Amino acid sequence: MSDIPVINPATGAQLYAMKPATDLECEAAMGAARSAAEALRATPLTARLEALTAFLDYLRDHREALLDQIVAESGRSRGDAMLSDIFQLTEDCLWLRDHAAAVLADEKVATPISLLGKHCRIRRDAHGVVLVISPWNLPLAIGMTAAMFAFVAGNAVILKPSEHTPMVAVFEAIRQRHPLLYLGLQVVHGGGDVGARLVQARPDLVVFTGSQPTGRRILASAAPLLIPVLLELGAKDPMLVFDDADLPRAVAAACWGNLHNSGQSCTAVEQLHVQEGIFETFVAALVAASGEIRLGTGAAHDLGAITTAFQMTHIDALVQDAVAQGAVLHCGGRRSECGHFYLPTVLTGVTSAMRISQEEIFGPVVAVYSFASEAEIIARHNSNPSGLSTSVWSRDKARCRRLEQALSTGCININNVMLTEGNAGLPFGGVRQSGFGRMKGAEGLRGMTRSKAVLEDPTRGKPEPNWYPYSAEKLALTGELLDLLGQKGLRRWWRLARVGLAIDRLVKRQHRA
């Protein structure tokens, strides 16, 4: 199997060659993870949180070196790498450290009157082995957030980073930070074929972040094996700007929301819908703001390189197709002189016949549309086949509440953009073709577990009313009890007590017989 070259996107230079895992190495990783899952099942949460703290210490102690490698492998600006990879990952893990015990604790459940005297609760058990297949756009944060949530929940984890940004040596160094990390985190490098082999090795849960075509292939592979899958598949995320919005702030948000990480973010703004009364003003201001963006990978740069050659080709093809069919190009629309960056691009006049209106761009390109009314933009928004993150801009609080309810999306930012994923306490995920399941927050952590219903009965020596033998008298009393369950008031309790005593006497009489 040939080595895979890892390229610095900003310079085109090869950084190193990554050796993909063999079939035997994939099997060995799954075997090690299976053994680890059994060991972790008996490991207290406090020990797993100690390992999480060791990982947090690693992030702090190696911050600059990690930034160097993220920038070198992804071509992003250093500010983007800090915000989206290091800062976000640290905050996610701090939330996990502080809230995992409460979220994973057994949950007491009220007992119905028909089960009076029993004690019911829900406990959370780990799935076993969780396979995390992570993308190239956030090479550290996405994979390690999923891995740490799964690990803290008690699972063994196999992490398969993207072959385009594999961060070789980093994940291996993380494993060395704590014995439980070494036990519970396996790292397997390689391309899509390696990911496919790992799915066929039957993990207990697959967590995938990436494109819709790859997500569908993973789902198709996992379905015959009955393996549950958590999918985050990106979108064409919209920003809706009403004519009463804070215009300068909304323009700045649209510029950052589209260009952050060179647009290579699943929640980047790709559709900008502006109410018709401020449309021309907004477009002019956005074009001016785009002209101020500084290209490069340093601390003083805003817009980094496009990470992969195929993504550059895809972005440019969408823009050229739109322009050829009559879209108006206001700025950008081409690669930089060095060829590794794509200039901030603003388009208007985009129609449904153009590829760019249907396909995820994943680049520093935004299409701006006008709309007339609230009803029109709700209908337009909800006709989108995907739905991950939406941004709404208006000073009218009642309107914002209406849209919050009416818009079909996994996340909604009101008078901000992309920041729901900045709060680790909020669940992150989409609807429709943007996938299903949630990462982060209490919902995401519980999603890394299986709920187990538990009923404890302290009764000794007494048969249950629902046990044999049946009789006409027992059937009549059961019917009377059923009729009383939905009633209210003090008389109901007196009648319930009377029926309960009658059932108790009947059971005792039958038992003696």
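Derivation of every value follows stated rules applied to the coordinates shown; laboratory data play no part. Since the structure is predicted, the reported quantities are computational estimates derived from the model, not experimental observations. Cβ atoms come from the backbone with ideal geometry, glycine included; neighbour counts cover every protein chain shown.
Things to note:
- Summed side-chain charge close to residue 465 - residues other than residue 465 whose Cβ falls under 9 Å, Lys, Arg +1, Asp, Glu -1: -1
- Extension gain (nm, one decimal) between residue 1 and residue 123, 0.36 nm per residue minus Cα-Cα: 39.5 nm
- If you take all other residues with their beta carbon under 11 Å from the beta carbon of residue 236, and give Lys and Arg +1 and Asp and Glu -1, the sum is -4.
- Label-point separation in nm, residue 38 to residue 351, each point 7 Å along Cα→Cβ: 6.5 nm
- Fraction of antiparallel bridges per DSSP, the chain only, in percent to nearest 5: 40 percent
- Dividing the convex hull volume of the alpha carbon atoms of the range 152-252 by its residue count gives 181 Å³ per residue.
- Straightening the chain between residue 380 and residue 87 buys 102.0 nm, computed as 0.36 nm per residue apart minus the Cα-Cα spacing.
- For residue 331, the residues whose amide H sits under 5 Å from its own are 346, ignoring neighbours fewer than 5 places away on the same chain, with H placed 1.01 Å from N.
- Between residue 68 and residue 300, the C-beta separation translates, for a Förster distance of 25 Å, into a calculated FRET efficiency of about 0.95.
- Under Karplus coefficients 6.51, -1.76 and 1.60, residue-wise ³J(HN,Hα) of the range 376-384 in Hz, glycine/proline x: 5, 6, 5, 4, 5, 4, 6, 7, 5
- Taken over the range 404-499, the alpha-carbon convex hull comes to 265 cubic angstrom per residue.
- Local electrostatic count, residue 293, Cβ distance below 13 Å [Lys/Arg +1, Asp/Glu -1]: -2
- Whole-Hz Karplus values for the range 90-105 come out as 4, 4, 4, 6, 5, 4, 4, 4, 7, 10, 4, 4, 5, 5, 8, 5 Hz, taken residue by residue from phi with 6.51 cos²θ - 1.76 cosθ + 1.60 and θ = phi - 60°; glycine and proline positions read x.
- Residues residue 455 and residue 359, FRET efficiency given R0 of 35 Å [Cβ-Cβ distance, rounded to 0.05]: 0.10
- Whole-Hz ³J(HN,Hα) from phi, Karplus 6.51 cos²θ - 1.76 cosθ + 1.60, for the range 181-190, glycine and proline x: 5, 5, 6, x, 10, 9, 10, 10, 9, x
- Radius of gyration and Dmax over the Cα atoms of the range 461-512, both given in Å: 11.7, 35
- Tilt relative to the chain, helix 45-61 - C-alpha long axis, 0 to 90 degrees, to 10: 10 degrees
- Rounded to the nearest 10 degrees, the inclination of helix 23-41 to the longest alpha-carbon principal axis of the chain is 40 degrees.
- Ranking 325, 304, 282 by how far each Cα lies toward the positive end of the dipole of the range 270-350 (charges on Cβ) leaves 304 at the top.
- Helix-only [θ]222 nm of the chain, DSSP H runs n ≥ 4, -39500 (n - 2.57) each, per residue, nearest 500: -13000 deg cm²/dmol
- Cross-link partners of residue 440 among lysines, defined as those whose alpha carbon lies under 30 angstrom from its own and excluding same-chain residues fewer than eight positions apart: 108, 160, 236, 397, 452.
- Placing a pseudo-label 7 Å from each Cα along the Cα-to-Cβ vector at residue 28 and residue 256 gives an inter-label distance of 4.6 nm.
- P(r) tail fraction, the range 90-244 - alpha-carbon pairs more than 22 Å apart, %: 50 percent
- Distant-in-sequence amide H partners of residue 390 (H built 1.01 Å from N, under 5 Å): 411, 412, 413
- Within the chain, the proportion of Cα pairs with more than 45 Å between them is 26 percent.
- Full extension of the chain between residue 276 and residue 464 yields a length gain of 60.7 nm, computed as 0.36 nm times the residue separation minus the alpha carbon distance.
- Residues with amide H under 5 Å from that of residue 237, placed H, sequence gap 5 or more: 270, 271
- Rounded, prolate or oblate (a/c below 1.5 giving rounded, otherwise prolate when a/b exceeds b/c) for the range 237-420 by Cα gyration tensor: prolate
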